[in-house]
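The values are calculated or read from the model by the stated rules, or taken from the named source; none is laboratory data. Just so it is clear, the structure is predicted and the values come from calculations on it, not from any experiment. No Cβ is skipped: glycine too gets one built from the backbone with ideal geometry, and neighbour counts run over all protein chains shown. We work out accessible area using only protein heavy atoms, side chains counted, and drop any ligands, DNA or RNA first. Shrake-Rupley method; radii C 1.70, N 1.55, O 1.52, S 1.80 Å.
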Amino acid sequence: MSNPTLRYHAPATRWESEALPLGNGRLGAMLFGGISEEHIQFNEQSLWSGDNNWDGAYQTDDHGFGAYRNFGDLFVMFTGGSGETPTDYRRELDIATGIHTTSFTQSGINFAREAFASRPAQVVVLRYTASQKGALSGRVRLKSGQGAAVTARGNELLFEGVMPNTLKHAAAIQVLNTGGKLNVEGETLVFSGCDALTVLLNARTSYKPDYASGWRGEAPLPRLMSELAAAQKKSYTVLKNAHVKDLSGLLGRARIELRQTAPAIRVKPTDERLKLYGKGGSDPELEVTLFQYGRYLLASCSRPGGLPANLQGLWNESNSPAWASDYHNNINVQMNYWAAETTNLSECHEPLMDYIV
């Protein structure tokens, strides 16, 4: 079979069951694949509220135990369309490469969008193209999940803030346009008549895994801006190739081969295949996809040098998530890490080992 892929024929409307995840071990993003508005909700592994005091309850606000928090949202809104209903809509996540794609045709123009979370570059990369020159117009908006004010300057949007527990956090995007114009308008970036658009996203906190330092380290903004500047100097192709080499080299270490799925089932989108499978239908290639998807999620949220996967891995849209989206040293940890040693992802085990030592 070809690369295991999650495929849908409509944009996502629900974060938990329909949006598709990207992650580089530190940054996570959920993509909805919208047509006139692309929504990217994002996280960074160390954005945690609370004041390091266990109060005997799952108090998920700014005091007591705290919780893993939503970092923010990025919106890319497109204008100038004729209003015609798009055709041939398709959104996919290639599990072997970690590349998310959205494609559709509208008013005779083919639109293509790609995204990935790069570990080598430490940024999320989003690419927008069209078959007709000058077909991309709209605006980009950034929103903080913690209420920080957004600043627009040049080709950048950014915010920085301090949590009540003194944890500093910051995020920024850079928009690189080919053709057309890019301007600041209020707290947004407006692009018009562009041939292509590349958006780079980064986020960090001042968390430091050191008790003696009070769990606090350097200010996040200078470092994340330095990483964005380095990524901006590289072409989209270079960024993409480095990402694919990194992730596919890790995920390609294990394979499972089962019988082939019937062609009439294989052509259906993933949500329809899951419904049929739940009713007892045969779909061996879907089983292979789920096996590899588990490995993909682990490799996307637990990489050397970082924090381990929490209850939700790396992805969380809430400021008061269930069970604080924390770490449970029980069956929850086991389920996250079953694939580490059994499917040749030993490096992904290191964050958990470092955390508990």
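Charge dipole of region 1-121 (Cα centre as origin; +1 on each Lys and Arg Cβ, -1 on each Asp and Glu Cβ, all else neutral): 420 debye, rounded to the nearest 20. The residues of region 87-239 have, on average, 42 Å² of accessible surface per residue, using a 1.4 Å probe with all protein chains present. Selection among Ala242, Gly281, Pro351 by position relative to the dipole of region 241-351 gives Gly281 as farthest towards the positive end (Cβ unit charges, Cα centre).
Mind putting a number on the dipole of region 115-213 about its Cα centre? Charges go on the C-beta only, +1 for Lys and Arg and -1 for Asp and Glu, and I need it in Debye to the nearest 20.
Values: 11 positive and 6 negative charges, 29 e Å.
Once rounded to the nearest 20, the dipole reads 140 debye.
Dipole magnitude for the chain: about 920 debye, using +1 per Lys or Arg Cβ and -1 per Asp or Glu Cβ, origin at the Cα centre.
For the options Ala229, Ala340, Ala115, a Gaussian network treatment of the chain with springs between C-alpha atoms closer than 10 Å singles out Ala229 as fluctuating the most.
May I ask you to give the percent of accessible area on region 221-353 that is carbon plus sulfur, with a probe radius of 1.4 Å? Walk me through the numbers before you get to the answer.
Numbers: 3830 of 6910 Å².
The C+S portion of the solvent-accessible surface of region 221-353 is 56 percent.
Annotation: extensible slack from His63 through Glu287 equals 76.4 nm (criterion: 0.36 nm per residue apart, minus Cα-Cα distance). For the pair Lys279 and Asp195, the difference between a 0.36 nm per residue extended length and the Cα-Cα distance amounts to 25.7 nm.
How much length is gained if the chain between Ile331 and Asn52 is pulled fully straight, taking 0.36 nm per residue apart and subtracting their Cα-Cα distance, in nm to one decimal? Please report the intermediate quantities before stating the final value.
Working: separation 279, 0.36 × 279 = 100.44 nm, distance 2.39 nm.
Stretched out fully, the Ile331 to Asn52 stretch lengthens by 98.1 nm.
Taking the charge dipole of region 203-280 about its Cα centre, with +1 at Lys and Arg Cβ atoms and -1 at Asp and Glu Cβ atoms, the residue from Leu224, Ala254, Pro209 reaching farthest to the positive side is Ala254.
Listed values for region 107-122 are Karplus-derived 3J(HN,Hα) couplings in whole Hz (6.51 cos²θ - 1.76 cosθ + 1.60, θ = phi - 60°), namely 6, x, 10, 8, 9, 9, 9, 10, 8, 7, 9, 8, 6, x, 8, 6, and x replaces Gly and Pro. Values [x] 18.6; [y] 19.8; [z] 16.2 are given for comparison; mean projected area of the Cα convex hull in nm², derived from the coordinates here, is the one labelled [x]. How many nm separate the modelled label positions at Val267 and Arg153, each set 7 Å beyond the Cα in the direction of the Cβ? With each label point 7 Å from Cα toward Cβ, the separation is 5.4 nm. Listed by chain and number, the lysines whose C-alpha is less than 30 Å from the C-alpha of Lys208, apart from same-chain residues fewer than 8 away, are Lys143, Lys168, Lys233, Lys234, Lys240, Lys245. With the simple spin-label model, which puts each label point 7 Å out from Cα in the Cβ direction, the Leu182 to Thr166 separation comes to 3.7 nm.
With the Kirkwood sum run over all distinct C-alpha pairs, region 130-285 has a hydrodynamic radius of 19.7 Å. Roughly how many whole Å is it from the C-alpha centroid of region 267-292 to that of region 335-357? Cα centroid of region 267-292 versus Cα centroid of region 335-357: 27 Å apart. Around the amide H of Gly64, modelled in the peptide plane, lie the amide H atoms of Asp51, Asn53, all under 5 Å away and 5 or more residues distant in sequence or on another chain. Taking GluC sites (Glu not before Pro) in DSSP loop states with no more than 13 other Cβ atoms inside 10 Å as exposed sites, the chain has its longest site-free stretch at 85-217.
Round to the nearest 0.05 the FRET efficiency obtained for Ala212 and Ala242 when R0 = 45 Å and r is the Cβ-Cβ distance. Efficiency at R0 = 45 Å is approximately 0.80. Only lysines eight or more places from Lys268 in sequence, or on another chain, were considered; those with a Cα closer than 27 Å are Lys279.
For region 275-357, trypsin sites (Lys or Arg not before Pro) are listed when DSSP marks them as loop and at most 13 other Cβ atoms sit within 10 Å of their Cβ; the list is Lys279.
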